[in-house]
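Quick notes on the structure that follows.
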Amino acid sequence: MTFAHDDAVPGTAISASQVSAVGRGLPLSDGREKVTGQIKYTGDLVLPGMVYARPILSPYAHARIISIDGDAARRVPGVVAVVTAADLPAGRPATNRNSAILAGDRVVFQGQPVAVVIAESEASAADGAELVAVEYEPLPPVVDPLQALQADAPLVWPGGIPKEADGSAEAHAGAAAHGEQTETRGNVAGEVHFRRGSIVDGFAAADVVVEHTYQTHAVHQGYLEPHASVAAIDPASGALTLWTATQGPFGVRDEVAKLLGLPRRKVRIVPMAVGGGFGAKYGILEPLVGALALHLNRPVRMVLTRIEDFQTTTPSPACTITLKTGANRDGRLTALEANVVLDSGAFVSGLLPVVCNILGGYYRVLALEIRGVEVITTKPMAGAYRAPTGPQATFAIESQMDEMARQLNLDPLQFRLQNAIESGDPMPDGAAWPSVGLKACLDQVERHPLWQAHRAGTPGIGLAIGGWPGGTAPAAAVCRLDSDGTIFLHVGSVDITGSDTSLTLIAAECLGVPLERITILARDTDLSPIAGPAGGSMTTYTVGAAVLAAAQAARQQILAVAAELLEAGEEDLELRDGQVAVRGAPSRRVTIDEVARKTTEVGGRYQPIIAQGRSALATQAPSFTAQLAQITVNEATGRVRVVRNVIFQDVGRAINPLLIEGQIHGGAAQGLGWGLFEQMVYDENSQLLSASLLDYTLPTTADVPPFEVVLIENPSPNGPLGARPVGEPPILAGAPAIANAIRDVTGARVTELPITSERLWRALQADGKTTARESDRERNTHGKDKSA
């Protein structure tokens, strides 16, 4: 891991030379518990009197429910109840996956829950579930989104597509485009149209025009821990408590309260350790498990099996992008035109504006026209997955940029640098990009030995970039000094990938105390200040800003007390290493411990040290990445192996380089999965054929190359200590970098992900024995080439 940075430290009075805590590689706060197996996940939780729930999932993608017979299941020893929609209070009509608690008269995707067997043991619940007889009347499935657009296609929702603005996956994405979807009809949930300049004039000015159709399939988030929730009712107050693996406890609380008709104050969410989320854990099981606990007045636990999780949760949407771009001989982009079809599954995801905005957002182009449609099909509702819809859009535009550079006989890095957006440039939706570091990433690529090797003629090296606008959400934090000198931080964010360590470093830096002095308290929605979801790469940016504000306020309180104790002016004091000293007179000092005692002792005259901090950042902090992938290809079998991967990323300020590097490794590995392995395959009846880890291929340690990470420190003007989002960008550039490396070494342009051995082999057969360089020479002998 290497660094490239400047010395600015925005967002605080601390100078770069004073930074001591920030920039240290602090391990996960719960790392030891995790590697030793001591940490408690939701599936480990056992409450007195608890029963176990097993869902009955529809085997059909589209069918009417004629009857549900649970008599045989009820006779199984240990079975407590067989629950159907008729047993639960009538709630709101299902408008999203969270609100599709149990199907009533019809199912709209394979895996939709229709009943639940509840028993005294997991084994009894499973035995009972085998005996529930459900009679269905199959209805025509709607599988292919392109066919779903046809006028004679069966309708998933004959009475109109149910919609709810605040229930979409896009609300959890953390980077919504400013454009809105228009109301439509049939199987089309919405349309987006972004336009800038004259697309006709733009293509007329082009010397080279390239057009391709890019296809990506649905991809599962691939977390280790399937969805799990436990619910219980307080016998005195009637309040519902849910222990759950969730990324967004406050959002889940609000959704559960709304669905079950409870006041929010009567719903408490206790986040448990999360065994991976990546955008998928925002409340799928909680409303159902909460409803079951209310129905039985007993604690209920539901933990999905791996197959159930594949069938009934929210994978990323499949996407088809037809992209046409033009450029002149000097390498200036003149026009970009695209048509996007997003397969949203059975409910509206709201992700269409995001994919369209990213697709046309990386490069300057005067003439732009992007049209998108979100299509409803009989599949599970699409949801957020790390940089939601970013991998789909980035694969298309970065493959296209590589092909444009080849046809123009230009260096692909210089071509990108020439057209890359800068701060203030417009996005497709009309909003201006805030401070961006895309060119800083590309500058580092140019200096790297692997890119120098590519320029020297080493084959099989591909380049791609990717960027994430970043998310914002209001957040608050409380910082208090206890009697023994411990500093407690109260936050409402969920720590999935080490955000607690970053928050600790920010507070320690501001307060001038050792890291071990700071403790972050366990959080739940009854006891913690508000925070946005742990998604969209926003936690350190938003909650970190609140923590910094709280720590700064607490610092001022500590200095005020110390000033009285030392009989000095506050402006003459410095706080460092757990001590407050008078500048120039180091013997005149007081420790944090002494301040703690003075502010907590009985009869004392100093007020306790406690401060709150709040943030509501209005400006996003985009984060960009560039990746180099070096590959080998067995042209006889089509097998691709990535042998080297270099990731350059603008992280703003590296609060915790160790965990930032881990985040980047994880995202890059997922990008490799998108590129070569992962896809959810459905047959003509909308049946999922890859519903287990035997059929759904994830990259293994044998497939993942050594990662080299170059951290670029281009501080965000608004982020705490200059921090930017980290988690989303690494996944974006992996697949197109691999595709571009394949094009470089074989001459074949593969436009469908994942690039399986079979797909590449077929592309190689279609391409014949023409090499990439021969192909380029052929294309560039025709002057103004308008063909793909």
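Residue-level check: of (1) of a type outside the set (D, E, K, R); (2) under 30 Å from Val270 (Cα atoms); (3) modelled with pLDDT of 95 or more; (4) open to solvent by 30 Å² or more (accessible area, probe 1.4 Å), Leu521 misses just (3).
Annotation note: of Lys266, Lys281, Lys258, the sole residue that is within 19 Å of Thr313 (Cα to Cα) and of a type in the set (Lys, Arg) is Lys281.
Taking the range 203-272 as the region of interest, the strands (runs of 3 or more DSSP E) fully inside it that hold 3 or more residues being within 29 Å of the chain's Cα centre (by Cα) and closer than 30 Å to Ser399 by Cα are 208-216.
Inspection of the range 694-717 finds no residue satisfying the criterion of being farther than 18 Å from Tyr223 by Cα and in a helix (DSSP H, G or I). In the range 323-343 there is at least one residue that is out of contact with any helix residue (DSSP H, G or I) (no Cβ under 9 Å at 6 or more places or on another chain), over 30 Å from Ser124 (Cα atoms) and outside any helix (DSSP H, G or I). Name the residue that is surrounded by the fewest Cβ atoms within 10 Å (Cβ to Cβ), counting only residues in the range 492-518 that are part of a helix (DSSP H, G or I) and among the aliphatic types (A, V, I, L, M). This residue is Leu515.
A quick yes/no check of all residues on (1) of a type in the set (Asp, Glu); (2) under 16 Å from the mean Cα position of the chain (by Cα); (3) assigned to a helix (DSSP H, G or I):
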{"site": "Ala636", "(1), (2), (3)": "no, no, no"}
{"site": "Arg641", "(1), (2), (3)": "no, no, no"}
{"site": "Phe648", "(1), (2), (3)": "no, no, no"}
{"site": "Gly652", "(1), (2), (3)": "no, no, no"}
{"site": "Gly662", "(1), (2), (3)": "no, yes, yes"}
{"site": "Gln670", "(1), (2), (3)": "no, yes, yes"}
{"site": "Gly673", "(1), (2), (3)": "no, yes, yes"}
{"site": "Glu678", "(1), (2), (3)": "yes, no, no"}
{"site": "Asn685", "(1), (2), (3)": "no, no, no"}
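Note down all Cβ pairs under 6 Å where the first residue falls in the range 73-85 and is of a type in the set (Lys, Arg) and surrounded by fewer than 18 Cβ atoms within 10 Å (Cβ to Cβ), the second is at pLDDT 95 or above and assigned to a strand (DSSP E or B), and they're at least six residues apart or on different chains. Between residues of the range 73-85 that are of a type in the set (Lys, Arg) and surrounded by fewer than 18 Cβ atoms within 10 Å (Cβ to Cβ) and residues that are at pLDDT 95 or above and assigned to a strand (DSSP E or B), the close pairs are Arg74/Val82. Here Phe278 does not fit the description of being in a helix (DSSP H, G or I), within 22 Å of the chain's Cα centre (by Cα) and closer than 24 Å to Val681 by Cα. Residues in the range 313-332 that are over 19 Å from Pro388 (Cβ atoms) and crowded, with 23+ Cβ neighbours inside 10 Å were compared, and the one that is nearest to the chain's Cα centre (by Cα) is Leu323. Checked against (1) touching a Ser or Thr at 6+ places or on another chain (Cβ under 8 Å); (2) open to solvent by 10 Å² or more (accessible area, probe 1.4 Å), Asn656 passes all but a single condition, namely (2). Quick check on my filter: what residues within the range 608-629 are in a strand (DSSP E or B) and either free of Cβ contacts under 8 Å to residues at least 40 places away in the same chain or open to solvent by less than 40 Å² (accessible area, probe 1.4 Å) (or both)? Within the range 608-629, Ala611, Gly613, Ser615, Ser623, Phe624, Thr625, Ala626, Gln627, Leu628, Ala629 qualify. Applying the condition of being of a type in the set (Gly, Ala, Ser) and open to solvent by 50 Å² or more (accessible area, probe 1.4 Å) to the range 139-164 and asking which residue is farthest from Ala100 (Cα to Cα) yields Ala151. Being among the hydrophobic types (A, V, I, L, M, F, W, C) and under 21 Å from Gly578 (Cα atoms) holds for only one residue in Leu527, Leu505, and it is Leu505. Restricting Val602, Val580 to those that are over 30 Å from Ala239 (Cβ atoms), among the aliphatic types (A, V, I, L, M) and open to solvent by 60 Å² or more (accessible area, probe 1.4 Å) reduces the list to Val602. Kindly establish whether Pro434 is out of contact with any helix residue (DSSP H, G or I) (no Cβ under 7 Å at 6 or more places or on another chain) and surrounded by fewer than 21 Cβ atoms within 10 Å (Cβ to Cβ). Taking the combined requirement at face value, the residue satisfies it. Quick one: Pro474 ticks every box in (1) farther than 30 Å from Ala384 by Cα; (2) at pLDDT 95 or above except a single one, so which number is it? That leaves (1) as the condition not met. Checked against the criterion of being outside any strand (DSSP E or B) and buried (at least 17 other Cβ atoms within 10 Å of the Cβ), the range 473-483 has at least one qualifying residue.
The listed residues are Leu559, Leu548, Leu489, and the only one of them that is at pLDDT 95 or above, in contact with a strand residue (DSSP E or B) (Cβ under 6 Å, 6 or more places away or on another chain) and over 21 Å from Pro27 (Cβ atoms) turns out to be Leu559. Taken together, the residues in the range 524-551 that are among the polar types (S, T, N, Q) and either without any contact (Cβ under 8 Å) to a residue 24 or more places away in the chain or surrounded by 24 or more Cβ atoms within 10 Å (Cβ to Cβ) (or both) amount to 4.
Okay, residues lined up against (1) open to solvent by 20 Å² or more (accessible area, probe 1.4 Å); (2) touching a residue at least 24 places away in the same chain (Cβ under 8 Å); (3) charged (D, E, K, R):
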residue: Val256; (1), (2), (3): no, yes, no
residue: Leu260; (1), (2), (3): yes, yes, no
residue: Arg264; (1), (2), (3): yes, no, yes
residue: Phe278; (1), (2), (3): yes, yes, no
residue: Glu286; (1), (2), (3): no, yes, yes
residue: Ala291; (1), (2), (3): no, yes, no
residue: His295; (1), (2), (3): yes, yes, no
residue: Arg306; (1), (2), (3): yes, yes, yes
residue: Phe310; (1), (2), (3): no, yes, no
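Please determine whether any residue of the range 687-697 is of a type in the set (Val, Ile, Thr) and either in contact (Cβ under 8 Å) with a residue 60 or more places away in the chain or surrounded by 24 or more Cβ atoms within 10 Å (Cβ to Cβ) (or both). For the range 687-697, residues of a type in the set (Val, Ile, Thr) and either in contact (Cβ under 8 Å) with a residue 60 or more places away in the chain or surrounded by 24 or more Cβ atoms within 10 Å (Cβ to Cβ) (or both): absent. Checked against the criterion of being open to solvent by 10 Å² or more (accessible area, probe 1.4 Å) and within 30 Å of Pro93 (Cβ to Cβ), the range 333-342 contains one or more residues that satisfy it. Note on the range 520-559: among residues that are within 12 Å of Pro725 (Cβ to Cβ) and assigned to a helix (DSSP H, G or I), the one that is farthest from the chain's Cα centre (by Cα) is Gly544. Every condition in (1) part of a loop (DSSP other than H, G, I, E, B); (2) out of contact with any strand residue (DSSP E or B) (no Cβ under 8 Å at 6 or more places or on another chain) is met by Ala86 except one, and the failing one is (1). Here Phe203, Phe250 are screened, and the one residue that is out of contact with any Leu (no Cβ under 9 Å at 6 or more places or on another chain), crowded, with 19+ Cβ neighbours inside 10 Å and at pLDDT 95 or above is Phe250.
Among the residues of the range 495-512, the one identified as of a type in the set (A, V, I, L, M, F, W, C) and at pLDDT below 95 is Ile496.
Candidates in the range 21-48 are the residues that are open to solvent by 60 Å² or more (accessible area, probe 1.4 Å) and more than 30 Å from Pro706 (Cα to Cα); of these, the one that is modelled with the lowest pLDDT is Lys40. Scanning the range 556-604 for residues that are closer than 16 Å to Arg480 by Cα and among the basic types (Lys, Arg) turns up Arg597, Lys598.
The values are calculated or read from the model by the stated rules, or taken from the named source; none is laboratory data. Worth saying up front: this structure is predicted, and the values here are computed from it rather than measured. We place every Cβ from the backbone using ideal geometry, glycine too, and count neighbours over all the protein chains shown. Only protein heavy atoms, including side chains, enter the accessible area calculation; ligands, DNA and RNA are left aside. Shrake-Rupley method; radii C 1.70, N 1.55, O 1.52, S 1.80 Å.
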